[in-house]
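Chemist: The structure under discussion is supplied below as structure tokens; questions concerning it will follow.
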Amino acid sequence: MPDCVKCAGTLKPDVVFFGASVPRVRVDAAFEALDEADAVLVVGSSLMAYSGYRFCERAHAAGKPIAAINRGRTRADRLFHLKVDADCGASLTALVGQLVC
């Protein structure tokens with residue numbers, strides 16, 4: 001990570017790096033959004049880290065359909081109602097091309 005040119009401190013983006021803990025406030029907000037959602041779409045994640053997988057677990061427990069676009073196996077394959085094993089960028093581009101406004 002780069003250093004700040006003014007103070008020489010380390011600049012860190014507002015992201016959670018692999019292996020780090022997701023802030024509780026962020027997890028709670030995601031659970032609230034999930035509770036109000038009709039379904040879940042997973043895009044480009046193996047869900048091997050529990051931080052993402054737990055949302056699929058919660059959606060499954062609530063009976064919400066889960067779809068995924070991802071190449072290869074994921075930790076949540078058994079929970080999906082639909083899985084598209086394809087490139088995410090190409091798949092989403094094709095999907096957007098089919099939308100009627």
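The values are calculated or read from the model by the stated rules, or taken from the named source; none is laboratory data. What you see is a predicted model; the values in this text were computed from it and never measured. All Cβ positions, even for glycine, are placed from backbone atoms using ideal geometry, and neighbour counts span all protein chains on display.
Chemist: Return yes when residue 96 is surrounded by fewer than 10 Cβ atoms within 10 Å (Cβ to Cβ), among the aliphatic types (A, V, I, L, M) and either in a helix (DSSP H, G or I) or out of contact with any Lys or Arg (no Cβ under 9 Å at 6 or more places or on another chain) (or both) and no when it is not.
Modeler: Taking the combined requirement at face value, the residue satisfies it.
Chemist: Looking only at segment 60-85, count every residue that is assigned to a loop (DSSP other than H, G, I, E, B), surrounded by fewer than 18 Cβ atoms within 10 Å (Cβ to Cβ) and touching a Phe, Trp or Tyr at 6+ places or on another chain (Cβ under 8 Å) and tell me the total.
Modeler: 1
Chemist: Examine segment 74-92 for a residue that is among the polar types (S, T, N, Q), modelled with pLDDT of 90 or more and over 15 Å from the mean Cα position of the chain (by Cα), and state whether such a residue exists.
Modeler: yes
Chemist: Same structure, new question: Of the residues in segment 28-68, how many are within 28 Å of residue 93 (Cα to Cα) and among the charged types (D, E, K, R)?
Modeler: Final tally of qualifying residues: 6.
Chemist: So which pairs qualify, if the first residue must be in segment 60-87 and at positive phi, the second must be surrounded by 15 or more Cβ atoms within 10 Å (Cβ to Cβ), the Cβ gap must be under 9 Å, and the two must be at least 6 apart or on different chains?
Modeler: Qualifying pairs under 9 Å: 72/46.
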